[in-house]
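> Attaching a single structure in structure tokens format; questions to follow.
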Amino acid sequence: MNAPDNKTPAAPTERIAVVIPSYRVTRHILGVIAGIGPEVAHVYVVDDRCPDGSGAFVRANCQDARVTVLEHAENQGVGGAVMTGYRAAIADGATVIVKIDGDGQMDASLIPVFVAPILAGEADYTKGNRFFNLERLSAMPPVRLFGNAMLSFMTKLSSGYWHLFDPTNGYTAIHADAARYLPFDKISKRYFFESDMLFRLNTLGAVAVDVPMDAVYGDEVSNLKVSQVITEFAAKNVRNFFKRLFYNYYLRNLSVASLELPIGVLLTTFGVVYGTVQWIVSDQHDVATPAGSVMLAALPVIMGVQLILAFLNYDIASVPSRPLHKKTLFRRRRDD
């Protein structure tokens, strides 16, 4: 997908940096770097203990003065490589940090499109969405299509960003003032890091938006096998879901929704358990279940489900809407 013609060039004070985690991408990485436009001030190639020596390869073959090669002594995973790039970009005064992969799947000409909502003050974080153009989804392998749909639903629950899709998409951009408050040492260092990033950003109150893009698949080999990680991702999303509930509804804030969910779960559980016990007892004695018992089981379930739905409605409506980097407190801390 070609970037729109009405690109807004970055002002001189707006430094855009690009982070490229590098692991077994020597065939593509020079082309990726060459495709990065002049709107980018700095490019960080992070060699994540690549067995092909991609860091040394870039040093020897890339003449772009914007490129800095960073190397890990031990493999940390794609998330660890991105966090290293974030730290370097923040230290060098970047305004917006874009992350793209080095395997050629991401169109570098889209960088201005990803950066535009952040520079316009509309978002703290942007990420790609390959599901926007339905006519181009045929390019995505069926296993990835199904796996990403499942992971998207789980990530909506765990992160609280109900309007986002395609959580494993690694084409992202973030404002440095939002990135600097991320707990770098706690974010997942492997392939779960994109979903974990969304969870962390939500707990900070950051605004995240999707950017439509096309899926591109050539001769590159992806190290992420959705069919192998979906169980692991499911467990980690469940963990993040409960952590988000605790942080957002009990530790940092209390509201009606803080009561709706636990009461709803208790009522629903009581109704289901009580109704099941009554049904078993009636079946064993071969008698009809009394109407009073049926009502005593049904009413808590009805009330409980209504309270859970009310909580979900509140949660969906509570997606952050005011960009974090525009808030006075965060700007003041940055200036300090």
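Every number in this text was worked out from the coordinates using simple rules, so none of it is lab data. Since we're looking at a predicted model, the values are computed, not measured. Counting neighbours? That spans all protein chains shown, and the Cβs are built from the backbone with ideal geometry, glycine included.
> For the chain, which DSSP H helices look membrane-span-like by this rule: Cα extent along the axis of 27 Å or more and mean Kyte-Doolittle of at least 0.5?
Passing helices, by number: 256-284, 291-317.
> Shifting gears a bit: Pulled fully out, how much extra length does the chain show between Leu266 and Trp162, if you take 0.36 nm times their separation in residues and subtract their Cα-Cα distance?
Result for the pair: 35.0 nm of gain on full extension.
> Name the aspartates and glutamates eligible as straight-distance cross-link partners of Lys327: C-alpha to C-alpha under 15 Å, and not fewer than 8 places from it in the same chain.
Within the straight-line limit of under 15 Å, Lys327 reaches these aspartates and glutamates: Glu122, Asp124, Asp177, Asp335, Asp336.
> Here's something else I'd like to know. Which FRET efficiency value, to the nearest 0.05, is calculated for Phe153 and Glu39 with the Förster distance at 41 angstrom and r the Cβ-Cβ distance?
0.75
> Quick check: residue separation of Ala234 and Leu204 times 0.36 nm, minus the Cα distance between them. What number comes out in nm? Mind showing how you got there, number by number?
Numbers: separation 30, 0.36 × 30 = 10.80 nm, distance 2.25 nm.
Here the segment from Ala234 to Leu204 would lengthen by 8.5 nm.
> If you don't mind, another one. Applying the Karplus parametrisation 6.51 cos²θ - 1.76 cosθ + 1.60 with θ = phi - 60° to the phi angles of the range 67-73, what ³J(HN,Hα) value in whole Hz is obtained for each residue in order, glycine and proline being reported as x?
8, 10, 9, 10, 10, 8, 6
> If you don't mind, another one. Could you tell me the calculated FRET efficiency between Tyr181 and Asp92, based on Cβ-Cβ distance and R0 = 22 angstrom, to the nearest 0.05? Mind dumping the intermediate values first?
Numbers: r = 18 Å, r/R0 = 0.81.
Between Tyr181 and Asp92 the formula returns 0.80.
> So how much slack lies between Ala317 and Arg59, counting 0.36 nm per residue of separation and subtracting their Cα-Cα distance, in nm?
Numbers: separation 258, 0.36 × 258 = 92.88 nm, distance 4.83 nm.
Result for the pair: 88.0 nm of gain on full extension.
> Tell me whether the chain comes out rounded, prolate or oblate; compute the Cα gyration tensor, take square roots of the eigenvalues as a ≥ b ≥ c, and use a/c under 1.5 as the rounded threshold.
Working: a/c = 2.54, a/b = 1.94, b/c = 1.31.
Verdict is prolate for the chain.
> Net charge near Tyr44: determine it from the other residues with C-beta under 14 Å of the C-beta of Tyr44, scoring Lys and Arg +1 and Asp and Glu -1.
Result for the neighbourhood of Tyr44: -1.
> Report the paramagnetic label zone for Arg27: residues of the range 140-159 whose backbone N is under 18 Å from a point 7 Å from Cα along the Cα-to-Cβ axis.
Of the residues in the range 140-159, 141 have backbone N under 18 Å from the label point off Arg27.
> Also: To the nearest 20 debye, what is the magnitude of the charge dipole of the chain about its Cα centre, counting +1 on the Cβ of each Lys and Arg and -1 on the Cβ of each Asp and Glu?
On the way: 32 positive and 32 negative charges, 170 e Å.
The calculation lands at about 820 debye.
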